[in-house]
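This report concerns only the one structure given below.
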Amino acid sequence: MMTSCFYGQTHGLFLPVFPDPSSVRGRVTGRSIIDVYDQYDFLGIWEDIRKHLGEEEVFFIIDNAKTHLPFRRWLRRQGITIMEIPAYSPDLNLIENVWVLVKDKLQKHYAELYLMKGSDSEVKKVIEEAITHCWELFDPKVFESLAGSMVDRIEAIIKADGWYTKY
């Protein structure tokens, strides 16, 4: 699993999250998400973002996926204001739109990736490198455009009474 965040024209973090070895099912958990954000000094980066933007309040937008619950609690304990959105809401979750773009770039630049053979760790490493490369290919204006569309997205959802929108 990969996790990421961005603000304005800045790519932000793009990090691999590995399964939690203490998880009963051996899956990614809120703990493994917290661990990776800790490892990459997210709190320091968050403070830099707040200073850079110069705004009184900056929101961290996160969906209500079950795996995110401990992470949301952790963010709140750190004093980070969260804007929670429903799980599986690509109209509101801008990073979901970025994932679509990452997949398009993967298909364009790494079409043969699905044929790769090797150990799980080798394959995982190559996939992570490919995804990271695709992330780095983005024009920063993509992020600014997505962030700038938030008001329009909310208005469209209200107008559609919560149903489908063009986003």
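The values are calculated or read from the model by the stated rules, or taken from the named source; none is laboratory data. Keep in mind that what you see is a predicted model, and the values were worked out from it rather than measured. Glycine also receives a Cβ, built like all others from the backbone with ideal geometry; neighbour counts cover every protein chain displayed.
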Selection count where residues are over 14 Å from Asp91 (Cβ atoms) and among the acidic types (Asp, Glu), scope the range 126-167: 5
Unique match (being surrounded by 12 or more Cβ atoms within 10 Å (Cβ to Cβ), at pLDDT below 90 and polar (S, T, N, Q)) among Ser32, Ser89, Ser22: Ser89
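The rows are residues; the columns are (1) surrounded by fewer than 12 Cβ atoms within 10 Å (Cβ to Cβ); (2) out of contact with any helix residue (DSSP H, G or I) (no Cβ under 9 Å at 6 or more places or on another chain); (3) at pLDDT below 90; (4) farther than 30 Å from Leu43 by Cβ.
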site	(1), (2), (3), (4)
Leu101	no, no, no, no
Asp104	yes, no, no, yes
Tyr110	no, no, no, yes
Ser121	yes, yes, yes, no
Glu128	no, yes, yes, no
Pro140	no, yes, yes, no
Asp152	no, yes, no, yes
Lys166	yes, no, yes, yes
Meets criteria (assigned to a helix (DSSP H, G or I) and in contact (Cβ under 8 Å) with a residue 24 or more places away in the chain) for Ile157: yes
Residues being under 20 Å from Gly44 (Cα atoms), of a type in the set (D, E, K, R) and loosely packed, with under 15 Cβ neighbours inside 10 Å - total across the range 60-86: 3
